[in-house]
1. Scanning for something at pLDDT below 80 and buried (at least 17 other Cβ atoms within 10 Å of the Cβ), does region B:13-34 turn up at least one residue?
2. What do you reckon, is A:G119 in a strand (DSSP E or B) and more than 7 Å from chain B (Cβ to nearest Cβ)?
3. Give the residue, chosen from B:L316, B:L285, that is crowded, with 20+ Cβ neighbours inside 10 Å and either among the β-branched types (V, I, T) or within 14 Å of another protein chain (Cβ to nearest Cβ) (or both).
4. I'd like the full set of residues that are buried (at least 24 other Cβ atoms within 10 Å of the Cβ) and at the interface with chain B (Cβ under 9 Å from one of its Cβ atoms), limited to region A:63-75.
5. Here are A:A84, A:A19, A:A103: which of them is more than 7 Å from chain B (Cβ to nearest Cβ), over 27 Å from A:M291 (Cα atoms) and in contact with a Lys or Arg (Cβ under 8 Å, 6 or more places away or on another chain)?
6. List the helices (runs of 4 or more DSSP H) that sit entirely inside region A:193-309 and contain at least 1 residues that are modelled with pLDDT of 85 or more.
7. Inspect region A:16-31 for any residue being modelled with pLDDT under 95, assigned to a loop (DSSP other than H, G, I, E, B) and among the charged types (D, E, K, R) and give the result as yes or no.
8. Quick one: is A:V114 outside any helix (DSSP H, G or I) and of a type in the set (A, V, I, L, M)?
Amino acid sequence: MEATIEVRALRKTYGPTVAVDDLSFTVAPGQVTGFVGPNGAGKSTTMRMIMGLDRPDGGSALIGGKPYRSLRAPLCRIGAMLDASAVHPARRARDHLRWLAQANGLPARRVDEVIDLAGLASAAGRRAGGFSLGMRQRLGIAAALLGDPPVLMFDEPVNGLDPEGITWIRALLRSLAAEGRAVLMSSHLMSELEGGADHLVVIGRGRLIADTAVGELLKAASGDRVELRTAQRQDAMAVLARAGATVSASGPDEVTVAGLTAERVIAALNGAGVGFTGISEHRATLEEAYMELTRDAVEFQGVAGREAR
Amino acid sequence: MTVMAPYRSTVEPEARDGFGRLLLAEWTKLRTVPRWMLTLLASVVLMVLVALLSAAGSESTGQGGGSSDPARLQKIDLGHYTYQPLAGDGEIIARVTAQRGGGAWAKAGLMIRGSVERATPYAALMVTPGHGVRLQTGYENGGAGGGTAKAPRWLKLTRSGTAVTGYESPDGRAWQRVGSVRLDKLPENAMAGMFVAVPDEVEVQRQFGGESVSGNPADTGARFDQVSVSPAQPGAAWRDRGAPGGPAADPGVDGRTGSDGTFTLKGTGDIGPNEFADDSTKTTLTGVLIGQAAIVALAVLMVTAEYRRGMLRTTLAASPRRGRLLAAKAIVAGLAALAAGLVASFGSMLLAAPMQRSNGLEPPPLMDGTVLRAVLGTAALLAVIAVFSVAVAVIVRRSAPAITIVLLLLLVPQIIATGLPLSVARWLDRLTPAAGFAIQETVTRFDQAIVPWAGFGVLCAYALAALAAAYWLLRRRDA
């Protein structure tokens, strides 16, 4: 069985509202895939359809080639944390994991293993109602790992966590992916995925905006631009324009150069004897790349929002 | 992009796809919420408490002889009986010349029975002022015969083996067969004689919240002549069985007088079914009306607590097949209620018994089939109510409405039925889930709406219908 999630032409409507619209993507094994979109973009709805909880109005979602509802011991195929607070407050953490293990015929030792894995050993005997958000997230992650599944899915796992918790989850997801698992993690903030995800699926208003590797996205957003600081702005612009670059003045002694690498800019300036005091390659942040990607979707949302009223 | 071998789970599920593991998981869920277990305990405590209260509040009120055997409670065997031994096959003939008092169902006639012990089998041929000539047996009303014949009337009752056949005649020559009954285990040496009996005058007043039954003993009398028993036993004297003593044994209403082959019998009380018998088993188990509230709340919360917290998604993620999940929840809720019900109903009977004895009442015999049916049936009743509650909770998804709906369906028919005419009340008790409480009845009373097992069946049908609707919704709806 393959460790993948395949979403094919998935569609979900609530009355006149289209929550997910012809959405297709694949979550591949061995990497962390970030599932990004603004609030209300349809991330949670998509995840619920993957879990067989909500019925799609069209298309399909397959776990390792099978629909969720046909899985016999689903916790061994896919582990998911959709809502960390979905625990009965009067139940002890260990008992919560115990009934989950029983429901899938998992050996009782797994309960202790995932408690250790999630760093819950000291809290396992306590009732979940008294847990902090961070502890509930850990309990949810422990539950997702019970069946040691090849596919993992987390809905906003770092939402509301302190920096320490964010670092812990990021490292955990990375190590899980490094074992060859497919990991899907949703977030409405691109910054949460910075340094955490290898691949991105970006959606807005239920539609796919981008399905790309993080590196490529950044490269596209950065656009090979070089920032140059020089007292001889006019000379520099003339020289570089002659060398084939697109140049624009971005300040009294600053020039933005596009179409040339930093090395070629330096070589051209040195050849013409134009001095400069600083040069840097521009690197877009994931956030900037995301803003650029979703700008259209957000604008469209604004227009649609006005029409709806 | 790096290509690497997909991860393979190192955990293999133990049992392959067993339903048992779902049951175990649902039981763990129930067991690990302390207040749910307390609720279960509360249902037991409430039921036993009500049993003790009702035992403390009830006292013996004379008539009935103290027996609490439901079969015995159902039978009234009073009136006046004047008899001789009857050895082997034979017959008794007499003419009822006059009948006085007691209304349309006053009875005067002949009776063959194996023993004068109360509530033993008999065959009685009688003339009545309003219902003709009848052959009755088995402490049941009606009987073979009918017509409009009144006293004076000739009656003949013959015994052949275990068959007893009745005949009537206007003149003692042309006999017409009324009917025949079989008295199993009728001993070789039986008794044959004359009797008078009469049903009490009973008035039932029904109002919201309850009913009051007031009975006045009626009395009747009849004159017999031309009495002959064959084969005749030389020197056999007539003996009497009258009222069981106490104020009713007033010679003015109970006794035998007469001479020269004429007998005048006076008596009070009926021979037939007791439709107003106290159902002491049902009274002892009446706590189920309160105990069920805790069971309903528990069974509903097992479902709605999951809906409220989004936990149902976790549950459905772990067991995606809706039908099995619903079945597991219903079975676990049902079994938990059954266990609580068994403890509560046996506890009620056993703990109430000493109090009933000290109040002069004989506690219902637990080993009697009918009593046992009521005791086990009470536990089964709670189990089905729990299943019904689970189903309604899945349909409604919210605690307060679900609990209200179930309790209203179970309680309201019983409350408003008392304020409705009996015929309407009967249908209400037959067609609503409240019919299930019939399983607790150990005596057949005048107002019985439905026989115990049928009533239980009605409740089961409701539970199954609700389960079917719940299954359909659970499959269709987004979780």
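The values are calculated or read from the model by the stated rules, or taken from the named source; none is laboratory data. Note that this is a predicted model, so its numbers are computed, not measured. Here Cβ is always computed from backbone atoms with ideal geometry, including for glycine, and neighbour counts include all displayed protein chains.
1. Yes: region B:13-34 contains one or more residues that are at pLDDT below 80 and buried (at least 17 other Cβ atoms within 10 Å of the Cβ).
2. no
3. B:L316
4. Residues satisfying the conditions are A:P74, A:L75.
5. Exactly one of A:A84, A:A19, A:A103 is more than 7 Å from chain B (Cβ to nearest Cβ), over 27 Å from A:M291 (Cα atoms) and in contact with a Lys or Arg (Cβ under 8 Å, 6 or more places away or on another chain), namely A:A84.
6. Because the criterion is at least 1 residues that are modelled with pLDDT of 85 or more, the helices (runs of 4 or more DSSP H) in region A:193-309 that meet it are A:214-222, A:233-242, A:262-272.
7. There is no residue in region A:16-31 that is modelled with pLDDT under 95, assigned to a loop (DSSP other than H, G, I, E, B) and among the charged types (D, E, K, R).
8. no
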